[in-house]
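Colleague: This is the structure, below, for whatever I ask next.
The values are calculated or read from the model by the stated rules, or taken from the named source; none is laboratory data. These figures come from a predicted structure and were not determined experimentally. Don't worry about glycine lacking a Cβ; one is built from the backbone with ideal geometry, like all the others, and counts go over all protein chains shown.
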């Protein structure tokens, strides 16, 4: 029987490079460049082929959007890293507000 729980797993490497490229509307070379730059590190199949998860595809979209805005790959990586840090800080603050019970979180 098939394990359908993997369909809900954002980290399950379900997509080949070709599938991922078609879904995102990019060239396969773009995804390979993200791997080479260590921004999106897909898992490898037993045969060595790249396999992407939904989470990795979402990150690739974020990088593409930054590049479309004119940022370099290095700048895009830095911007995304800072955005993620800010989101984490906001989540921590909201959690602290909830713990203090002041109703602002």
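Colleague: If you go through the stretch 43-66 one residue at a time, do you hit one that is surrounded by 15 or more Cβ atoms within 10 Å (Cβ to Cβ), at pLDDT 95 or above and farther than 27 Å from residue 6 by Cα? Step through it out loud before you land on a result.
Modeller: Keep residues of the stretch 43-66 that are surrounded by 15 or more Cβ atoms within 10 Å (Cβ to Cβ), which gives 50-54, 56-57, 59-60, 62-64, 66.
Now narrow it down to the ones that are at pLDDT 95 or above: 50-54, 56-57, 59-60, 62-64, 66.
Imposing the further condition that a residue be farther than 27 Å from residue 6 by Cα reduces the set to 66.
For the stretch 43-66, residues surrounded by 15 or more Cβ atoms within 10 Å (Cβ to Cβ), at pLDDT 95 or above and farther than 27 Å from residue 6 by Cα: present.
Colleague: State the number of residues belonging to the stretch 62-105 that are assigned to a loop (DSSP other than H, G, I, E, B) and touching a helix residue (DSSP H, G or I) at 6+ places or on another chain (Cβ under 6 Å).
Modeller: Taking the stretch 62-105 first, the residues assigned to a loop (DSSP other than H, G, I, E, B) are 69-72, 101-105.
Subsequent filtering for residues that are touching a helix residue (DSSP H, G or I) at 6+ places or on another chain (Cβ under 6 Å) retains 104-105.
So the count comes out to 2.
Colleague: Need pairs with beta-carbon distance below 6 Å; first residue within 14 Å of residue 39 (Cβ to Cβ) and within the stretch 77-95, second surrounded by 11 or more Cβ atoms within 10 Å (Cβ to Cβ); sequence gap 6+ or separate chains.
Modeller: Short answer, once both residue conditions are applied: 77/39; 79/66; 80/62.
Colleague: Within the set of pairs 6 or more residues apart or between chains, which connect a residue that is assigned to a loop (DSSP other than H, G, I, E, B) inside the stretch 3-17 to a residue that is exposed (fewer than 15 other Cβ atoms within 10 Å of the Cβ) with Cβ atoms less than 6 Å apart?
Modeller: Once the first residue is assigned to a loop (DSSP other than H, G, I, E, B) and sits in the stretch 3-17, its partners that are exposed (fewer than 15 other Cβ atoms within 10 Å of the Cβ) give 10/55; 11/55; 12/6; 13/43.
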